[in-house]
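Student: I'd like to ask you about the structure that follows.
The values are calculated or read from the model by the stated rules, or taken from the named source; none is laboratory data. The shown structure was predicted, so the numbers you read here are calculated from the model rather than taken from an experiment. Positions of Cβ are generated from backbone atoms using ideal geometry, with glycine treated the same way; all protein chains shown enter the neighbour counts. We work out accessible area using only protein heavy atoms, side chains counted, and drop any ligands, DNA or RNA first. Shrake-Rupley method; radii C 1.70, N 1.55, O 1.52, S 1.80 Å.
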Amino acid sequence: MKILFICRANVGRSQMAESIFNKLTKKHSATSAGVDPGKWEGKKLTETIYVLPSLKEIDIDVSENVSKKIKKQDVELADKIVVIGVEKEKWPDYLKDSNRTEYWDIKDPAN
């Protein structure tokens, strides 16, 4: 099973969900993306304040992970899609139309 985690910028929540999921499973795989990474797009997570140290506490290194914007192909390849804390009106149409999507209301820890 392929899981796709999506949040706003693909810097915190979705990256953490992807990394923890992949650490805990041998059978499935996860990827992540952001609806609007903005200034983060293409950047490594080394500039994050909380993500790197939080995940290092549980022996996960995401220093080489890069923030990326969601693409239609990401949605098409996923068996299950989890959108974390992004209002539905900000979703691209191809994501809204997917019957494999569920929403998790998890606040952005950035502040």
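Student: Put a dot 7 Å past each Cα toward the Cβ at Q73 and H28; how far apart are the dots in nm?
Tutor: Spacing of the two 7 Å Cα→Cβ label points: 2.4 nm.
Student: Continuing with the same structure: Leaving out ligands, DNA and RNA, what percent of the accessible area of the chain is carbon and sulfur, probe 1.4 Å?
Tutor: It is 51 percent, rounded to a whole number.
Student: Related question: How much area per residue is accessible in the chain when the probe is 1.4 Å and only protein heavy atoms are counted (Å²)?
Tutor: 62
Student: Longer than 28 Å from Cα to Cα, which of K56/K96; K27/K72; K43/K88; K27/K56; K26/K68 are they? Say none if no pair is.
Tutor: K56/K96
Student: Per the Cauchy relation, a quarter of the hull surface: what is the mean projected area of the convex hull of the alpha carbons in the range 69-111, in nm²?
Tutor: Averaged projected hull area, Cα only: 3.3 nm².
Student: Calculate for the chain the 222 nm mean residue ellipticity that helices alone would give, adding -39,500 (n - 2.57) per DSSP H run of length 4 or more and normalising by residue count, nearest 500 deg cm²/dmol.
Tutor: So the calculated ellipticity at 222 nm is -6500 deg cm²/dmol.
Student: Which loop chymotrypsin sites (Phe, Trp or Tyr not before Pro) in the range 1-62, with loop taken from DSSP, have no more than 15 other Cβ atoms within 10 angstrom of their Cβ?
Tutor: On the way: sites: F5, F21, W40, Y50; in loops: Y50.
In loop regions of the range 1-62 (DSSP not H, G, I, E or B), the sparsely surrounded chymotrypsin sites (Phe, Trp or Tyr not before Pro) are Y50.
Student: Only bridges whose two residues both fall in the chain count here: according to DSSP, what percent of them are antiparallel, nearest 5?
Tutor: Percentage antiparallel, nearest 5: 5.
Student: How large is the direction-averaged shadow of the alpha-carbon convex hull of the chain, in nm²?
Tutor: 6.7
Student: Per residue, what volume in Å³ does the Cα convex hull of the range 8-55 take up? Mind showing how you got there, number by number?
Tutor: Working: hull volume 3.5 nm³, N = 48.
Convex hull volume per residue, Cα atoms: 73 Å³.
Student: Separate question: Using modelled backbone amide H atoms (1.01 Å from N, in-plane), which distant-in-sequence or interchain residues come within less than 5 Å of N10's amide H?
Tutor: Hits under the 5 Å cutoff: V35.
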